Amino acid sequence: MSLWFSSISRCSRCIIGKKVSVSFRIMISRTKTDQVLENLKSNPYFDKYAKKIAKLQQINPDLLSERIEKQEKKVQKKKEKQEQECSNYQAKAKNKVIQPSDTKEARLSDIMNMDMIQEKTKEEIEQIWTEYHKQKDYICAIMECQQYERIFDCGKKYPLFLLPLPRKQGYEFFLSQFQGNKVYMTSLLWYQTHKENAPECLTLTHYTEFKDSKGIVLMRGEFDLNFLNCQEAQCLANELQLYYTGKSSERLKLLETFNNAPNDFKYNDLIGQLEKISFVT
């Protein structure tokens, strides 16, 4: 019986030829499309586009299938990228908790020859500092001592905060923490995963050697090129400065709420503040 059935199948394929494979492919395509459409119904935006999708399904089902397949490839690519980022973060996660006492204050002499710049004027030091970092993968700034003191006095009062960074698919949030003369930032997602062992994406180091003699503080920002580019790192540094200089009562209120009443904190308020700002980077 099984041999007879096998012979009939071979004969049918020879007679019908390509029609079998075409109809079979269409059946698979439609089944797949139906499954995707069923999944789409759970999307909160489905109702908005339901009529257009239904119309396209009737007029040109092949085009709809093509678009669905294209979207699936896009989603898969994004998923693979996220898995790769996850793998990178897992590899970089710290093996032990770094306590405040373990961190030593950064010194300008670790990166520059102090003998060569000690006697320079304020303007000359600013120019040297800017030129020194121009061709390097860092961000840098020169701060007036009063501005530095305002920011770090506020940082002592409100050591933790969230900063939103615009991305193609929306916003990504970064957790910042003041510690010594540094500010550390890490992705909120990875802080939730690794807690205090989360790797830093950006570290802002402030050198105070010329604070008293020249009235300036030199800032250097080191960022992870796997997760941030120079413009994104600068955007986060600018946001931090705007919140911690204390010039806006609305932003100070957000700092206070996040640190003292986190249950009342709303992420959308951060995005609203960011949309009011135009950064020059």
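The values are calculated or read from the model by the stated rules, or taken from the named source; none is laboratory data. Being a predicted model, the structure only gives us computed values, none of them experimental. Every residue, glycine as well, gets a Cβ built from its backbone with ideal geometry; the counts of neighbours run over all protein chains shown. For the accessible areas, the whole protein counts, side chains as well, though only heavy atoms, and no ligand, DNA or RNA atoms are used. Shrake-Rupley method; radii C 1.70, N 1.55, O 1.52, S 1.80 Å.
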- Task: Measure off 7 Å from each Cα along the Cα-to-Cβ vector at Glu144 and Glu72, then give the distance between these two points in nanometres to one decimal.
- Result: 6.1
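Can you give the accessible area per residue of the stretch 132-281, in Å², using a 1.4 Å probe?
Using a 1.4 Å probe on heavy atoms only, each residue of the stretch 132-281 averages 51 Å².
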- Heavy-atom accessible area of the stretch 176-273 with neighbours in place, 1.4 angstrom probe: carbon+sulfur share in percent works out to 42
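Highest mean first, what order results for 243-253, 219-229 on Cβ atoms within 10 Å?
Values: 243-253: 15.5, 219-229: 17.7.
Going by the mean number of other Cβ atoms within 10 Å, highest first, we get 219-229, 243-253.
Using Cα pairs under 8 angstrom and six or more residues apart, how large is the relative contact order of the stretch 112-183, in percent? Show your work: numbers first, answer last.
Details: 40 pairs, mean separation 12.6, N = 72.
Relative contact order of the stretch 112-183: 18 percent.
Length gain on complete extension for the stretch Ser249 to Asp137, per 0.36 nm per residue less the alpha carbon to alpha carbon distance?
On the way: separation 112, 0.36 × 112 = 40.32 nm, distance 3.42 nm.
Taking Ser249 through Asp137 to full extension adds about 36.9 nm, to one decimal.
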- Message: How far apart, in nanometres, would the label points at Gln169 and Asn197 be if each is projected 7 angstrom from Cα along the Cα-to-Cβ direction?
- Response: 2.6
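For the stretch 133-212, what is Rg from Cα atoms divided by 2.2 N^0.38 Å, rounded to two decimals?
Values: Rg = 14.3 Å, N = 80, 2.2 N^0.38 = 11.6 Å.
With N residues counted in the stretch 133-212, Rg over 2.2 N^0.38 Å equals 1.23.
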- Straight-line reach check, Lys77, cutoff 13 Å on alpha carbons, 8 or more apart in-chain or any other chain, hits among aspartates and glutamates -> Glu69, Glu85
- Message: Given the stretch 129-281, report the % of alpha carbon pairs whose separation exceeds 28 Å.
- Response: 16
